[in-house]
Each structure stands twice: as C-alpha cells, then as structure tokens.
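Trainee: Sharing a structure here in structure tokens format.
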Amino acid sequence: MNYSCTAYELKCNDCGKRFGNQPLSACPDCLAPLEVAYDLDAVRGVFTREAIAAGPPSIWRYAALLPIPAGYQPDLPVGFTPLIKANNLGKRIGATNLYVKNDAVCFPTLSFKDRVVSVALANAQRFGFDTVGCSSTGNLANSVAAQAARLGIKACILVPAELEAAKILNTQVYGARLVRIDGNYDHVNRLCSQIADEYNWGFVNVNLRPYYAEGSKTVGYEIAEKLGWRLPDNVVVPMAGGSLIRKIRKAFQELIYLGLVEEKHVRFFGAQATGCSPISQAVKLGNDFIEPQRPNTIARSLAIGNPADGPAASQMIRATGGWAEDVSDVEIVSGMQELAETEGIFTETAGGVTTAVTARLYAHGRISPDEITVACITGNGLKTTDALTGHYREERAVRPRLADFDAYLRELDGAAEPELAAVGGTHGN
C-alpha cells in the first residue's frame with residue numbers, strides 16, 4: 001500500500017502564509033499557530049470509502065489525509081479502536097443512543113497519544129532528527145518512549161515531578177531518558193521549547209506540533225466510519241491542550257467536503273477537571289481568550305493551565321452550539337467507576353472526566369437522550385490506579401472450604417448466618 005499523503009504544507013492560521021514543510025510550529029511573522037493544509041481536491045479520487053476499507057485496520061488506512069512523507073512505510077497497527085454502543089451506561093445516565101470511543105486499548109501504549117506520536121515521528125525521521133522528545137503529563141511520554149525505541153531513535157522525555165508513578169515507570173521501561181522537572185506542565189513545556197532550539201531535537205509537541213496534531217483527526221475518521229459513514233449529533237471530548245476536539249471537527253469537515261458523509265451539524269462538548277479548567281471557563285464566559293490556571297486535580301493528563309489551543313477550542317465549541325463542563329475529583333473517580341461497572345471499560349482519570357461530564361450534560365438537558373452522542377475515552381485506567389487508592393478494601397482470605405465460601409458470600413451480601421437468622425425468626429414470633 002502507498003502510505004504517502006497528497007501534497008501538504010504548513011500554513012498560518014491567521015495571515016495565511018505558507019511555509020512548505022519544516023519543523024516549525026508558529027508563524028514567525030504573526031506568531032499564530034501553524035496547521036497542515038492539504039489539496040483536498042487532489043485527494044478526492046484517492047480518499048474514498050472503498051480505498052479506506054481496503055486499507056489496514058489502523059490509522060494508516062487514512063494515510064492519504066495525514067502528513068506522511070513520501071516513501072514512509074509504517075509498521076505499527078496504531079488506532080482503529082472500538083466504538084461501543086454504551087447501552088448500560090446510557091440507562092444509568094438517561095441516554096438511549098450513546099457510544100464510547102475506546103482509545104484505552106490503543107496500541108502500543110493504551111492511549112490516543114499513540115496516534116499523534118506515530119505521525120510526528122514519521123516527520124522527525126524526515127527532518128533528520130536523531131533525538132526526539134516531548135513535554136508530557138504522562139500518556140505522551142509513554143508513547144514517545146515506546147515508538148522511539150522501535151524506530152531506533154534516542155528519546156528524552158520531560159515531565160512534571162508529581163506525575164503518577166505508573167506513567168513514569170511506563171516511560172522508563174522503554175529505555176528513554178526521563179527528566180523530572182520541579183514544576184507543572186506549563187513550566188515543562190516552556191523549557192522544552194528552549195531545548196528544541198538549543199539542541200536541535202525534534203519535540204513532538206513543540207517544533208513538530210503541526211504534524212503531531214494531525215494524528216488526532218483519525219479519531220474523527222474512525223467515528224464516522226464505524227457509524228456506517230454517518231456523523232454523530234454530539235461528541236464529548238476531554239480537553240488538555242485543546243487540540244483533539246478541534247481535529248475531530250476538522251476530520252468531519254474533510255469527510256463532508258469529499259462526499260464520504262452527508263453534511264450534518266455536529267455539536268462539540270469539552271470536558272475538563274474543575275482543578276484545571278481554563279477552556280471550560282472560557283466557554284462558559286463566552287471568551288475568546290484563556291485565563292491561565294494553576295492545575296490542582298487528580299486528572300494530571302488534563303492538567304495544562306495555559307493550553308496552546310485553548311482560545312481556538314473555546315471559539316469552536318461555541319460556534320457549533322456546544323458547551324463545556326468541568327467536574328470535581330470526587331466526580332472523576334465516580335466517572336471511572338461508573339464506566340467500569342456498566343461497560344467493562346477501565347479508563348484513566350481523563351476518562352472519568354469525560355464520563356462524569358457526559359452524565360451532567362444529559363442531566364442538564366444539553367444533550368437529548370435520543371441523539372447520537374460519542375464520548376471519547378482517551379487512556380487506560382491501569383495508568384492512574386493511584387486515583388482509586390482507598391476506594392476499595394483489601395478483602396480477607398477465605399479458607400478453601402465450601403462452608404467458608406458460603407459464609408463469606410453471606411457476609412458480603414449483608415445476610416446473617418443461617419442459625420442466627422433462625423433464632424431471630426423464632427424470637428420474632
């Protein structure tokens with residue numbers, strides 16, 4: 001299969017100036033973010049339902065609209081994760097047409113970041129970087145470390161010092177150099193920008209960011225394809241930097257333009273933790289700017305106090321008629337538990353945010369029960385087990401005897417022992 005994209009190049013969002021292809025994230029003239037622009041008319045005969053169906057069960061089936069360098073041959077089956085009809089969760093929160101996009105099982109490191117990293121590293125190789133890196137709240141660190149190891153590229157990962165232990169371990173195991181920074185994500189990200197310039201390294205979410213962000217479009221492509229080439233009425237997306245929610249919409253717009261789906265108005269809803277909710281607050285206040293916050297939440301993968309795509313995300317959400325909500329740490333844990341108990345999906349804290357916000361949107365009447373709604377789960381709960389510490393007791397061991405097992409079940413069910421129940425019943429006569 002030819003995995004090369006059609007013609008693409010970097011373009012400034014504001015002034016429209018084009019920059020070809022290079023490791024650059026912002027316009028030198030107006031400082032606005034750069035995005036990848038495509039010749040959609042040129043891809044019209046290539047990017048078809050039939051061609052996509054004939055492709056591999058991964059994000060690479062959409063390669064014609066991803067910034068993939070000529071001759072690049074990917075071999076990791078990233079993405080193409082399940083879209084599940086969430087009937088049980090729907091019954092609990094009052095929804096009859098709810099779906100869950102489950103990137104908690106994304107290969108290779110169990111989060112949607114595997115998508116964006118795959119595209120970013122393809123371009124890192126194109127630009128000749130011998131070392132790649134990232135600033136990360138966890139999932140991105142895992143994915144960069146794993147995929148760099150497979151490609152034989154050196155990796156240097158910078159993370160906030162207070163990151164979950166599981167995510168630190170899941171980065172170190174791949175042999176990457178990991179540096180813990182005494183500060184929050186925004187401090188780490190600023191340092192990475194300086195390092196990228198000083199050391200000439202490829203940082204996936206700094207100088208490779210425009211290419212990296214395009215990988216998120218594959219979530220949107222998959223939603224449409226798995227719905228039978230239809231668009232949903234609503235999408236609920238967790239927000240950290242604010243890129244994912246915008247790229248899903250970009251994917252839908254491309255599909256409409258190319259005639260793969262019928263035109264439809266889709267509303268987008270953002271989900272954040274109350275302890276770090278700059279985009280949510282901007283949406284609620286009707287602002288096109290972000291008031292930075294100091295993160296204080298267990299949802300560390302969403303803890304970006306000054307999100308780069310925040311202003312654009314706020315504008316986009318409001319333009320679609322959507323909304324944004326934020327939930328407390330207690331609600332986040334409840335959301336994790338609710339999704340696990342109803343659909344058998346163990347999500348990380350970010351997924352708890354999405355689940356809890358989705359429930360609130362139905363409760364407040366912002367989403368009608370019968371509308372086709374997709375809630376995006378972006379990471380696996382095995383990465384944030386610390387959030388559940390103290391919520392489940394360690395059960396005592398039971399002797400390997402049927403009588404002991406039977407007695408233990410009664411204990412768990414709150415039933416009295418048979419002889420005590422009999423005594424109580426006689427006494428009551």
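The values are calculated or read from the model by the stated rules, or taken from the named source; none is laboratory data. Remember, it's a predicted structure, so these values are computed and weren't measured experimentally. Note that each Cβ is placed from the backbone with ideal geometry, even for glycine, and that neighbours are counted across all protein chains shown. Please note that ligands, DNA and RNA were not included when accessible areas were found on the heavy atoms of the full protein model with its side chains. Shrake-Rupley method; radii C 1.70, N 1.55, O 1.52, S 1.80 Å.
Trainee: From the backbone phi of region 339-347, what are the Karplus-calculated ³J(HN,Hα) couplings (6.51 cos²θ - 1.76 cosθ + 1.60, θ = phi - 60°) in whole Hz, Gly and Pro given as x?
Mentor: 5, 5, 6, 9, 10, x, 10, 9, 9
Trainee: Enumerate the aspartates and glutamates that LYS154 could reach by cross-link, defined here as Cα to Cα under 15 Å, with residues fewer than 8 away along the same chain left out.
Mentor: Candidates past the 8-residue exclusion: ASP130.
Trainee: Also, I was wondering about something else. Roughly how many Å² is the accessible area per residue of the chain, as a whole number, for a 1.4 Å probe?
Mentor: Roughly 42 Å² per residue, with all protein chains present.
Trainee: Sticking with this structure for a sec: Just to check, using Stokes-Einstein with a Kirkwood Rh over alpha carbon pairs, what's the diffusion coefficient of region 287-397 at 20 °C and 1.002 mPa s in µm²/s? Mind dumping the intermediate values first?
Mentor: Values: Rh = 15.5 Å.
In µm²/s, the coefficient is 138.
Trainee: Calculate the dipole size of region 330-371 relative to its Cα centre from +1 charges on Lys and Arg beta carbons and -1 charges on Asp and Glu beta carbons; express the result in debye to the nearest 20.
Mentor: Dipole of region 330-371, to the nearest 20 debye: 180 debye.
Trainee: Would you mind telling me the share, in percent, of accessible area of region 88-168 contributed by carbon and sulfur at probe 1.4 angstrom?
Mentor: 50 percent
Trainee: Something else about it: Sorted by average packing, counted as other Cβ atoms within 10 angstrom per residue and highest first, what order do 57-64, 387-394 take?
Mentor: So the order, starting with the most tightly packed, is 57-64, 387-394.
Trainee: Moving on to the next point. Which far-off residues, 5 or more places away or on another chain, put their amide H under 5 Å from the one on TYR99, with H placed in the peptide plane?
Mentor: ALA86, THR373, VAL374, ALA375
Trainee: Starting from the amide H of ALA32, placed 1.01 Å from N in the peptide plane, find each other amide H under 5 Å away whose residue is 5 or more places distant or on another chain.
Mentor: Long-range HN contacts for ALA32: CYS27.
Trainee: Under the rule a/c < 1.5 gives rounded, and otherwise a/b versus b/c splits prolate from oblate, where does region 265-343 land using the Cα gyration tensor?
Mentor: The shape class here is oblate.
Trainee: Moving on to the next point. Which value, in debye to the nearest 20, gives the size of the charge dipole of region 158-244 about its Cα centre, when Lys and Arg are +1 and Asp and Glu are -1 at the Cβ?
Mentor: Charge dipole, region 158-244, about its Cα centre: 160 debye, nearest 20.
Trainee: Next question, about the same structure. I need the shape label for region 202-284. Rule: rounded when a/c is under 1.5, else prolate if a/b > b/c, else oblate, with a, b, c from the alpha carbon gyration tensor.
Mentor: oblate
Trainee: At 1.4 Å probe size, with the rest of the protein present, what percent of the exposed accessible area of region 174-264 is carbon and sulfur atoms?
Mentor: On the way: 1410 of 3410 Å².
The computed percentage sits at 41.
Trainee: Using θ = phi - 60° and the Karplus form 6.51 cos²θ - 1.76 cosθ + 1.60, what ³J(HN,Hα) does each residue of region 263-279 get, whole Hz, x for Gly and Pro?
Mentor: Using θ = phi - 60°, the values come out as 5, 7, 7, 10, 8, 10, 10, x, 10, 9, 8, 4, x, 7, 10, x, 6 Hz.
Trainee: Follow-up question, since we're still on this one. Packing-wise, with mean Cβ within 10 Å as the measure, how do 144-150, 167-173 rank, highest first?
Mentor: By packing density, highest mean first, the sequence is 144-150, 167-173.
Trainee: Once you keep just the Cα pairs under 8 angstrom separated by 6 or more residues, what percentage relative contact order results for the chain? Intermediate values should be presented prior to the final figure.
Mentor: Details: 889 pairs, mean separation 65.1, N = 429.
It rounds to 15 percent for the chain.
Trainee: With the chain treated as a Gaussian network of Cα nodes joined by springs under 10 Å, which of TYR221, TYR212, TYR408 yields the largest mean-square fluctuation?
Mentor: TYR408
Trainee: Among residues other than ASP309 whose Cβ falls under 11 Å from its Cβ, what is the net charge (Lys/Arg +1, Asp/Glu -1)?
Mentor: Numbers: positive: ARG209, ARG246, LYS247; negative: GLU35.
Local charge sum for ASP309: +2.
Trainee: Once you charge only the Cβ atoms, +1 for Lys and Arg and -1 for Asp and Glu, what is the size of the charge dipole of the chain about its Cα centre, to the nearest 20 debye?
Mentor: The calculation lands at about 740 debye.
Trainee: Another question, then. Grab the eigenvalues of the alpha-carbon gyration tensor for region 309-357, scale each by 5, take roots, and send me the semi-axes largest first in whole angstrom.
Mentor: Computed over region 309-357, the values are 26, 11, 9 Å.
Trainee: Please work out the C-alpha center-to-center distance from region 229-282 to region 196-223 and express it in whole Å.
Mentor: Between the Cα centre of region 229-282 and that of region 196-223, the gap is 18 Å.
Trainee: Would you mind classifying the chain by shape? Square roots of the alpha carbon gyration tensor eigenvalues, ordered a ≥ b ≥ c; an a/c under 1.5 is rounded, otherwise it is prolate if a/b is larger than b/c and oblate if not.
Mentor: Prolate, because a/c is 1.5 or more and a/b exceeds b/c.
Trainee: Among the listed pairs LYS85/LYS167; LYS217/LYS264; LYS85/LYS226; LYS113/LYS250, give every one whose C-alpha distance is greater than 21 Å. Let's see the in-between values first.
Mentor: Details: LYS85/LYS167 29 Å; LYS217/LYS264 17 Å; LYS85/LYS226 11 Å; LYS113/LYS250 18 Å.
Flagged as over cut-off: LYS85/LYS167.
Trainee: Once the dipole of the chain is set up with Lys and Arg at +1 and Asp and Glu at -1 on Cβ about the Cα centre, which of ALA141, VAL398, VAL353 lies farthest towards its positive end?
Mentor: The one lying farthest along the dipole's positive direction is ALA141.
Trainee: Ok, one more. Whole Å is fine, so just give me how far the alpha carbon centre of region 95-131 lies from that of region 42-82.
Mentor: Answer, in whole Å: 14.
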